[in-house]
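K.L.:
Next up is a structure, given as structure tokens.
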Ligand code: BTN
């Protein structure tokens with residue numbers, strides 16, 4: 001079946017909506033675009049705020065049956081970053097950053113009881129125009145700094161099909177197929193980091209399952225985004 005495209009003028013969260021449908025048993029591939037979210041969500045329970053008209057906010061929901069799920073959100077980050085601009089980097093696990101500021105984020109969720117086939121919900125939020133960074137630790141980046149004429153609709157057209165292709169590629173070959181592409185945009189490469197559990201080290205790439213590799217005094221660790229968050233040391 002083809003992907004159904006839906007536009008919501010206002011919704012709580014495109015991810016929440018597609019997760020509700022998935023939990024109710026829907027396996028329909030859907031691209032849901034919102035002009036405004038009233039309860040946009042980020043990773044680790046954080047809120048995602050964006051100004052209507054000045055941002056691109058959508059989720060793609062579709063059934064997926066990879067052999068291994070780990071690394072899916074990093075693969076999505078690679079696919080999206082590649083379609084935006086060469087200067088867009090990835091901050092592990094899958095934030096989009098430009099020039100030291102956050103440009104966008106990705107929230108991947110899955111619904112379903114079977115290990116094999118689940119409904120994947122891939123949410124993407126990208127700041128198109130500069131916006132108020134009040135309350136954020138650093139002001140957000142805007143895509144127009146790199147791509148002056150960028151419009152949300154045009155960016156969506158550019159990103160959606162390659163994203164769907166990347167999900168199929170991930171299903172076939174896992175994150176291993178994306179590791180080199182991730183490296184090319186890895187902003188943490190060779191930088192000192194502090195893990196949320198207090199350990200210190202130097203980031204040295206990502207593993208074939210999407211974990212962050214960190215050189216520490218005790219050896220090289222591979223940490224997952226479920227276990228820890230990282231910040232520059
Ligand atoms: C993050 O930075 O932690 C991830 C942000 C993800 C935001 C997008 S906007 C579309 C989709 N719907 C949501 O509620 N969140 C994602």
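We did not get these values from a lab; they are worked out from the coordinates using the rules stated. All values derive from a computational prediction rather than experimental measurement. FYI the Cβ positions are ideal-geometry reconstructions off the backbone, even for glycines, and counts take in every protein chain you see.
K.L.:
Assuming 0.36 nm per residue, please report the length gained on full extension of the stretch residue 136 to residue 6 beyond their Cα-Cα distance.
P.N.:
Here the segment from residue 136 to residue 6 would lengthen by 43.7 nm.
K.L.:
Percent of Cα-Cα pairs more than 14 Å apart in the range 192-232, please.
P.N.:
35 percent
K.L.:
Using Cα pairs closer than 8 Å and at least 6 residues apart in sequence, work out the relative contact order for the range 4-183, in percent.
P.N.:
24 percent
K.L.:
Can I ask one more? Mind giving me the FRET efficiency for residue 82 and residue 217? R0 is 45 Å, r the Cβ-Cβ distance, nearest 0.05 is fine.
P.N.:
Between residue 82 and residue 217 the formula returns 0.80.
K.L.:
Turning to a different aspect of this structure: In terms of the Cα gyration tensor, with a ≥ b ≥ c the square roots of its eigenvalues, is the chain rounded because a/c is under 1.5, prolate because a/b exceeds b/c, or oblate?
P.N.:
It comes out oblate by the Cα gyration axes.
K.L.:
Please tell me the relative contact order of the range 192-232 in percent, rounded to the nearest whole number, where contacts are Cα pairs under 8 Å and at least six residues apart.
P.N.:
39 percent
K.L.:
Tell me, what is the percent relative contact order of the range 1-76, built from C-alpha pairs under 8 Å that lie six or more residues apart?
P.N.:
With pairs under 8 Å counted, the relative contact order is 33 percent.
K.L.:
Further question on the same structure: Name the residue, out of 126, 106, 11, whose mean-square fluctuation peaks in a Gaussian network model built on the chain with Cα pairs under 10 Å.
P.N.:
11
K.L.:
Sticking with this structure for a sec: Within the range 57-75, whose backbone N sits under 17 Å from a point 7 Å along Cα→Cβ of residue 172?
P.N.:
Zone members listed by number: 64-68, 75.
K.L.:
In a GNM of the chain with a 10 Å cut-off on Cα contacts, which of 221, 187, 32 has the highest mean-square fluctuation?
P.N.:
It is 221.
K.L.:
Sticking with this one: Please compute the Cα-Cα pair-distance distribution of the range 1-138 with 5 Å bins starting at 0, giving whole percents from short to long.
P.N.:
2, 10, 19, 23, 22, 14, 7, 3, 0
K.L.:
If you don't mind, another one. For the chain, set up a GNM with springs between Cα atoms under 10 Å and report which of 154, 82, 180 has the largest fluctuation.
P.N.:
So, out of 154, 82, 180, the one fluctuating most is 154.
K.L.:
Still on this model: Could you tell me the center-to-center distance, by alpha carbons, between the range 105-171 and the range 182-233 in angstrom?
P.N.:
23 Å
K.L.:
Once you sort the root eigenvalues of the Cα gyration tensor of the range 133-176 as a ≥ b ≥ c, which label holds: rounded (a/c under 1.5), prolate (a/b larger than b/c) or oblate (the other case)?
P.N.:
It comes out oblate by the Cα gyration axes.
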